[in-house]
Amino acid sequence: MKFFNLIVIAAKYACRNRTRSVLTVIGVATGMFLFTTIETMQSSLRSATQSTANDTTLIVFRENRFCPSTSRLPEYYESEIKRIDGVTEVIPVQILVNNCGTSLDVVVFRGIPSSKVNALSKKIHFLNGSLSRWMERTDGALIGANLAQRRRLKIGDSFDAAGVTVTVAGIIRSSESSQDENVAYVHLPFLQQTSRIGLGVVTQFIVKVKDSSALELVANQIDLRFKNEPEPTSTSPEKAFFASTAKELIELITFSRWIGIASVFAVIGLIANTILIAVRSKISEHAVLKTLGYSQGAIAWLIVAEAVILSTLGGMFGVSAATIFLHLQSITIGNEGLALAFIPTYSVWLLGFGLSWTLGVIAGAYPAWQASSHSIAENLRTA
């Protein structure tokens, strides 16, 4: 019963000086907004670059070429790669991007053979449109959900980028790669001709292997096979390829971690300062509570509870605002023909709420210790 009374008193304390409390909640919300946004960036980057036991995809690129506009490989390499032991699927891909540098508005066209679309369909979910609609149109495009939202596209709409005009035949979401959120899958011959690359030439090959343990061995065999060809290859696991190619993008996101850390310390300082001011204004009230039988521990808990209430409210607003903002804005950063979509996940959402609660406990600890360490007489003299 006494515990419940303390919660009620803490809530009343938090609401007493509304201006100070509202400003504190806004400050906490701003800090948690920054933290959640940056943590979403970090989470998306980890998902794109950290290998797992389920990774069985290799990327075959032109050696010493990174931006898709400079990577040219003969399409007939497909049959040669298929002969290598451990390879289960080979997909030739022509890539065209509207911007090969670091950009917030990146569109990645991926031309694939219609005969290989079944391999693609295993990892995508149609939000709208259909695969049959895409098959019927030579200029049809299956576009990622982020791209559709960012450019406000719907089924039947036409859009252009990098000098190529396509018609939306389907809006998709990938179960494997956040890069697919900003892709436009088109027919390979269509992209080869409209981009003036020409038939028989592709940017890369996507190679599926039987087991993740065979990735390195198969990659070495592919590169060895084409070592003495006019167009030698460089093969690496998909996530390693992203990590080595989009270095500028990774450095940018890694640097943002410091902003997230700074926002956390700012939140702690803000809450602690607010609670310290509140404690000084309630010295006599704490003395009265002690005379009524509340222990020093109970007084400390009362102060910590007030800090937690303010931090949790701020965390709720900040985390929710960041989640809504990222969903509505569909923010994507592209570099070297690769695109990384910042998609909030439940783990980031829970981390934000958990952190805001924890910061309230940490920020309230010193004011709580300071208030509970004085005797009733000292409190009354100070008051």
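From the list Ser244, Ser256, Ser311, which residue is modelled with pLDDT of 80 or more, under 28 Å from the mean Cα position of the chain (by Cα) and either in a loop (DSSP other than H, G, I, E, B) or closer than 30 Å to Ile38 by Cα (or both)? Give the derivation first.
Values: Ser244 fails: modelled with pLDDT of 80 or more; Ser256 fails: modelled with pLDDT of 80 or more.
Result: Ser311 is the single residue among Ser244, Ser256, Ser311 that is modelled with pLDDT of 80 or more, under 28 Å from the mean Cα position of the chain (by Cα) and either in a loop (DSSP other than H, G, I, E, B) or closer than 30 Å to Ile38 by Cα (or both).
Scanning for something farther than 30 Å from Met41 by Cα and among the polar types (S, T, N, Q), does the stretch 147-156 turn up at least one residue? Checked against the condition, which is being farther than 30 Å from Met41 by Cα and among the polar types (S, T, N, Q), the stretch 147-156 yields no hits at all. Which ones in the stretch 88-118 are outside any strand (DSSP E or B) and at pLDDT 90 or above? Within the stretch 88-118, Pro113 is the sole residue that qualifies.
Taken as a whole, the condition of being in a loop (DSSP other than H, G, I, E, B) and either outside the structural domain of Ala214 (by TED's automatic domain parsing) or modelled with pLDDT of 90 or more (or both) applies to Asp85.
Lys208 falls short on exactly one of the conditions (1) closer than 30 Å to Met41 by Cα; (2) crowded, with 18+ Cβ neighbours inside 10 Å; (3) at pLDDT 90 or above, and that condition is (2).
Only a single criterion out of (1) modelled with pLDDT under 90; (2) more than 26 Å from Thr56 (Cβ to Cβ); (3) of a type outside the set (Lys, Arg) is not satisfied by Thr138, namely (1).
The combined condition, being of a type in the set (Gly, Ala, Ser), in contact with a helix residue (DSSP H, G or I) (Cβ under 7 Å, 6 or more places away or on another chain) and without any contact (Cβ under 8 Å) to a residue 60 or more places away in the chain, is not fulfilled by Ala141.
The values are calculated or read from the model by the stated rules, or taken from the named source; none is laboratory data. Fair warning: this is a prediction, and the values are worked out from it, not measured in the lab. Virtual Cβ from ideal backbone geometry, glycine too; neighbours counted across all protein chains shown.
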